[in-house]
Amino acid sequence: MADPKTAEPARARLSPRKKQRISRAVQYVVLAAALVAVVMYADWQSLAENFAKGEVASEALPELFTVALRNTIIYAVGGFVFSFLFGLLLALMRLSQVRPYRWIAILYIEIFRGLPALLIFLLITFLPLALPGFQVPGGTYGQGILGLGLVGAAYQAEVFRAGLQAVPKGQVEAARSLGMSATRAQITVVIPQAIRMVIPPTTNQFVALLKDSSLVLFLGVSGEYVELAKFGNDLASQYANATPIMVAGLTYLIVTIPLGYLASRLEGRKGRTR
Amino acid sequence: MTHAIQLQDLHKHFGKNEVLKGIDMTVEPGQVVCVIGPSGSGKSTLLRCVNLLEQPTRGKVFVQGVEVTDPDVDIDAVRRHIGMVFQQFNLFPHMTVLQNVMIAQQRVLGRSKREAEVIARENLDKVGVGAKCDALPGQLSGGQQQRVAIARALAMSPGLMLFDEPTSALDPELVGDVLTVMRKLAEEGMTMLVVTHEMGFAREVADRVVFMDGGVVVEDGPPAQVIGEPKQDRTRAFLHRVLHPED
């Protein structure tokens, strides 16, 4: 390194561009080798037989869409509406002037973000034992929506908090100096602006919630209440074949990938209008 | 006769920082009073104490004879009669221009939608942005936005108007339009308390000019006196800096 005589020719032999080319070539070779290995050693017939069997896949129709996807959307939309409203309430409590409200909101948010969602669902199944005579309204749908809503609200609360805090202080001052009460200023001026700002992260929240709706499986649902994951799992057990789970997975993607694109589109547009 | 605004021994602390150190001042009905002074002199804080956007630490504020610093006073009711215009306009970006001027009329004064719209259009025409009713604030120039903000305050039929550096955030070529609107208001007899750096406006329009520095009123009198022949060294030094910035 200190000797310029050896450093000079070394640089001449391997220019940065050449180095880059070699590095790229090596990467292609590794990739090709990996592909060859997979093609040679994978048992394609067995894989196709177990994961993509046409006859089994056709057994999933039409219930895949008319029952399973329909229920997934019911759980997800119901849980989303619950978490949206409850999350907004939590965010307002989190930013309240009244200290105990802040404590309650912080406690709730920390607990429900810190626990696995699955645990919440398992606890919900024990609710009737803990509170004799208590029934979650809406039956199985109600239980699923409750579980998703309780967990989703903790995340949505933090999304709303960020949005509410991003509304400039001058907005409240303008509203108050026009004679609006603090509550009126929040409802008329702050919350509508906050909601507009949180549309992209909220879309992502909905995608997360849609995937979490698979946890309804642990509520012990059956028959007309099954959603995609449970539906796929039941059929897979019945035929001792993984194809229905693959089919259920594809159905999730049909919904989640466009929503993901929508969220990033909205994100981009937000940058332009503000 | 009751004063439009009366400040008695007004103090304001932000933590240990004492921004207002005992202000006594009055504004009479129909007067235009301009408050000038270096940045950090407390002039914006003084203005914000009048409608209690800042809560004074000590002292009393009376608006049209009502003590607004009295804890039993309904401050929302008081603010209805005090129009305020901000440096940063603070229009509501999610509402059209027309909605900006209508919303408080409907929600605070309880005017019907039709009545609020008629009054909103009148005031928007008056400030020269009547053609922009359906635009969003973000689509307007700064000067247009500030005139909408003035219309929004006027639509509440206020007894007096507070202006907090209304032209400081504007491009120089847009300042004139806003000052023209303010001059027209002054001619109509509106009571105005204006924090400003526009010396020309203060000299021509104000009935009185108040020079503040370091949280106290240094000089208070007609513009010909305070700007024309200042008695205090601090006033002279400030005016020299403002009027001859290149020296």
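Descriptive notes on the structure:
- Check on A:F160, more than 14 Å from every other protein chain (Cβ to nearest Cβ) and more than 18 Å from A:M93 (Cβ to Cβ): no
- Matching residues, the stretch B:88-142, being surrounded by fewer than 21 Cβ atoms within 10 Å (Cβ to Cβ), under 26 Å from B:S44 (Cα atoms) and more than 13 Å from chain A (Cβ to nearest Cβ): B:L140, B:S141, B:G142
- Hits in the stretch A:106-133 (condition: modelled with pLDDT under 90 and not in a helix (DSSP H, G or I)): A:F126, A:L131, A:P132, A:G133
- Just one of (1) within 14 Å of chain A (Cβ to nearest Cβ); (2) over 15 Å from B:V181 (Cβ atoms) fails for B:I150. It is (2).
- Among the residues of the stretch B:209-228, the ones that are open to solvent by 10 Å² or more (accessible area, probe 1.4 Å) and among the small types (G, A, S) come to 3 in all.
- Count of residues meeting criterion [at the interface with chain B (Cβ under 7 Å from one of its Cβ atoms), closer than 17 Å to B:G110 by Cα and in a helix (DSSP H, G or I)] in the stretch A:173-188: 4
- Test: residue in the stretch B:186-196 that is among the hydrophobic types (A, V, I, L, M, F, W, C), more than 14 Å from chain A (Cβ to nearest Cβ), open to solvent by 10 Å² or more (accessible area, probe 1.4 Å) and farther than 20 Å from B:F92 by Cβ: yes
- Against the numbered list (1) under 18 Å from the mean Cα position of the chain (by Cα); (2) open to solvent by 10 Å² or more (accessible area, probe 1.4 Å); (3) modelled with pLDDT under 95, A:Q143 comes up short only at (1).
- For the stretch B:210-236, a tally of residues being of a type in the set (S, T, N, Q) and in a loop (DSSP other than H, G, I, E, B) returns 1.
Residues checked against (1) at pLDDT 95 or above; (2) closer than 28 Å to B:P222 by Cβ:
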{"residue": "B:T2", "(1), (2)": "no, yes"}
{"residue": "B:I5", "(1), (2)": "yes, yes"}
{"residue": "B:S39", "(1), (2)": "no, yes"}
{"residue": "B:D72", "(1), (2)": "no, no"}
{"residue": "B:Q87", "(1), (2)": "yes, yes"}
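- Within the span defined as the stretch B:216-234, one or more residues are free of Cβ contacts under 8 Å to residues at least 24 places away in the same chain and polar (S, T, N, Q).
- One residue alone among B:T180, B:T167 is away from chain A (no Cβ under 14 Å), of a type in the set (S, T, N, Q) and open to solvent by 50 Å² or more (accessible area, probe 1.4 Å), and that residue is B:T180.
- Taken together, the residues in the stretch B:27-65 that are more than 12 Å from the chain's Cα centre (by Cα) and within 14 Å of chain A (Cβ to nearest Cβ) amount to 5.
The values are calculated or read from the model by the stated rules, or taken from the named source; none is laboratory data. Because the structure is predicted, anything quoted here is derived from the model rather than measured. Every residue, glycine among them, receives a Cβ derived from its backbone with ideal geometry; neighbour counts consider all protein chains shown. Accessible surface is based on the protein model in full, side chains and every heavy atom, while ligands, DNA and RNA are left aside. Shrake-Rupley method; radii C 1.70, N 1.55, O 1.52, S 1.80 Å.
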